[in-house]
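K.L.:
Just passing along the structure, written as structure tokens.
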Amino acid sequence: MKRLLLYGFYTLMIVVVGGAFAFKVFQPVQVLPRVRLAPGFSMINENGERLTNEDLRGQFTLYSFTYTRCDDPTCLALDETMLVIQDQLAALDLGDIPVSMVTITVDPEYDTPEILLAHAESVGADPDYWQFATIADPSLLKYVVGGGFETYYEHMDDGRIRLDPAFVLVDGWGIIRGEYRYQTLSSDSDRIIRHMGVLAEEVQNSVGSASIAYEAAHYFLCYAP
Amino acid sequence: MKKIAWLVLLGVILIVAAAGCRPYTFHGTVMQNPSGAPDFELMSNTGQKVALDDFRGKLVVLYFGYTFCPDVCPATLVEIAGAMDILGEDAKKVQTIMISVDPLRDTPEALGEYVAHFDPSFLGVTGTEEEVAQLATLYGVFYEKHEGTAATGYLIDHTATVMVIDENGDLKLILPFGTTAAEIAEDLEHMLP
């Protein structure tokens, strides 16, 4: 009897450790990391309307950062990437999860709602998906973009702005799930689209017992590449 | 025959044990990546400045609200206070802090009177408008004034989530508005140092 219980205990340990090991190696479920809280904000968009982080709760939001006077190819590439993603959103199966795209300009003095509206039209932004916004108060803007989104920008003496290109994907809970900080390449859009799919799968499937598998995927760092 | 019976029993024990190994499921969203919660140093209702670092070794339950708040803040603080009651002695390992999003009206004294109404161990803290705005931004909290009634004065729309910071100062759990006292207590119990 004692020996049988001992065998049982060993078998249980093998099952638990082996299961955990197999989960980590084969990664049957992949997720995106919960990086940190996205910042809270109240901005004004290209239509002069208020846009807050609470308005975007319950949906996926992709943020990018730019300023309309930027003539650097990087800024143009950022808008191009957003445009590619926007054009693919309609065909993307995310269940009933809405997606928003917000481009935050770091030049509020120049980028008035009128300028932003003209810029949105010039790049082909669909207002159903993609908004342009900013905060008039430069220090608050710095807290949001520099502090919350950890995206570096600096106003130079010659009037230009040094800006690190970045996209940030935020889930419906207001948690940052993806940061894409390298120089914009065409493949960024593929990766972001794929990550939106991974996130949607997690939201749709992690209910009841299945949520344990998703929490385990977070625990074992089974992150989608 | 007897051996088969034992094997069946062993199988049942294994299944029950495996079911018992089911990991705890939190009522809020768990932040897996340990990231230090934004620190602060703000004036508390005790008349002393307090920093998040002062509470290392304890769980910190953090909430952004204000004393003139007509519904959401009292409803949330009642649930947190209820959770403290459920935790009993273990509540000493938890510090609840309400950061005022209304620094103009919420003096330390007013905050002290307000939070004590829910639980004497709760702290209310406030700072300059700029300090609060910066902190709220980093904690993902939106707030904005809007017109109220003559009796209430202006009101403030604000994010109503409750955040739990672990004993190492890492933001670990985000609880949505509406989480009950029992659910908060269950999560806190699971996180106690």
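Each reported figure results from applying straightforward, stated rules to the coordinates on display, with no laboratory input. These numbers were taken from a predicted model, which means no experiment stands behind them. Ideal geometry is used to build each Cβ from the backbone, glycine not excepted, and the neighbour counts take in all protein chains shown.
K.L.:
Share of Cα-Cα pairs in chain B beyond 30 Å, in percent?
P.N.:
26
K.L.:
What is the gain in length, in nm to one decimal, between B:Asn33 and B:Ala182 on full extension, counting 0.36 nm per residue of separation less the C-alpha to C-alpha distance? Kindly include the intermediate steps, with their values, before the conclusion.
P.N.:
On the way: separation 149, 0.36 × 149 = 53.64 nm, distance 2.60 nm.
Separation in residues times 0.36 nm, less the Cα-Cα distance, equals 51.0 nm.
K.L.:
Working from Cα positions, state the angle (0 to 90°, nearest 10) between the long axis of helix B:129-138 and the longest principal axis of chain B.
P.N.:
20
K.L.:
May I have the extent of the alpha carbons of the protein assembly as shown along their three principal axes, as whole Å values ordered from largest to smallest?
P.N.:
87, 57, 36
K.L.:
Taking the Cα centre of the protein assembly as shown as the origin and placing charges on Cβ (Lys, Arg +1; Asp, Glu -1), which of A:Gly146, B:Gly88, B:Cys69 is farthest toward the positive end of the dipole?
P.N.:
B:Gly88
K.L.:
Here's something else I'd like to know. Given R₀ = 35 Å, FRET efficiency for A:Arg194-A:Arg50 by Cβ-Cβ distance, to 0.05?
P.N.:
Plugging the Cβ-Cβ distance into 1/(1 + (r/R0)^6) gives 0.60.
K.L.:
Counting partner chain Cβ atoms within 10 Å of every residue's Cβ in A:39-46, what's the average?
P.N.:
What the average comes to for A:39-46 is 4.
K.L.:
Something else about it: Using the Cα centre of chain B as the reference point, and only Cβ charges (+1 on K/R, -1 on D/E), how large is the resulting charge dipole? Debye, rounded to the nearest 20.
P.N.:
With Lys and Arg at +1 and Asp and Glu at -1, about 1180 debye.
K.L.:
Pop the C-beta distance of B:Lys93 and A:Asp157 into the FRET formula with R0 = 45 Å and round what comes out to the nearest 0.05.
P.N.:
For R0 = 45 Å, the calculated efficiency reads 0.30.
K.L.:
Under a no-solvent Debye model with one identical scatterer per Cα of segment A:61-155, what's log10 I(q)/I(0) at q = 0.22 Å⁻¹?
P.N.:
-1.17
K.L.:
Grab the other residues whose beta carbon is less than 10 angstrom from that of A:Arg34, score K and R as +1, D and E as -1, and report the net.
P.N.:
Charge balance in the 10 Å sphere: +1.
K.L.:
Report Rg(Cα)/(2.2 N^0.38 Å) for chain A, keeping two decimals.
P.N.:
1.24
K.L.:
Then there's this: Using a 10 Å cut-off around each Cβ of peptide B:128-141, what is the average number of partner chain Cβ atoms that fall inside?
P.N.:
The shielding value for this peptide is 5.
K.L.:
For the pair A:Thr11 and A:Asp164, what calculated FRET efficiency results from E = 1/(1 + (r/R0)^6), where r is the Cβ-Cβ distance and R0 = 56 Å, to the nearest 0.05? Write down the numbers at each step before the final one.
P.N.:
On the way: r = 53 Å, r/R0 = 0.95.
In this case the efficiency is close to 0.60.
K.L.:
A further question on this structure: Note down the nm distance, to one decimal, between modelled labels 7 Å out along Cα→Cβ at B:Lys58 and at A:Gln30.
P.N.:
Between B:Lys58 and A:Gln30, the simple spin-label model gives 4.4 nm.
K.L.:
Rounding to the nearest 10 and keeping the result within 0 to 90°, find how far the Cα-based axis of helix B:2-20 lies from the longest principal axis of chain B.
P.N.:
10
K.L.:
Here's something else I'd like to know. Run the helix sum for chain A: -39,500 (n - 2.57) per DSSP H stretch of 4+ residues, divided by residue count, reported at 222 nm to the nearest 500 deg cm²/dmol. If you can, show how the numbers build up before the last one.
P.N.:
Numbers: 6 runs with 86 residues, N = 225.
Only helices count here, giving -12500 deg cm²/dmol.
K.L.:
Follow-up. Among all the aspartates and glutamates, which ones have a C-alpha under 18 Å from B:Lys172's C-alpha, if same-chain residues fewer than 8 places away are not counted?
P.N.:
Those aspartates and glutamates meeting the cut-off are A:Asp171, A:Glu215, B:Asp39, B:Asp53, B:Asp54, B:Glu183, B:Glu186, B:Asp187, B:Glu189.
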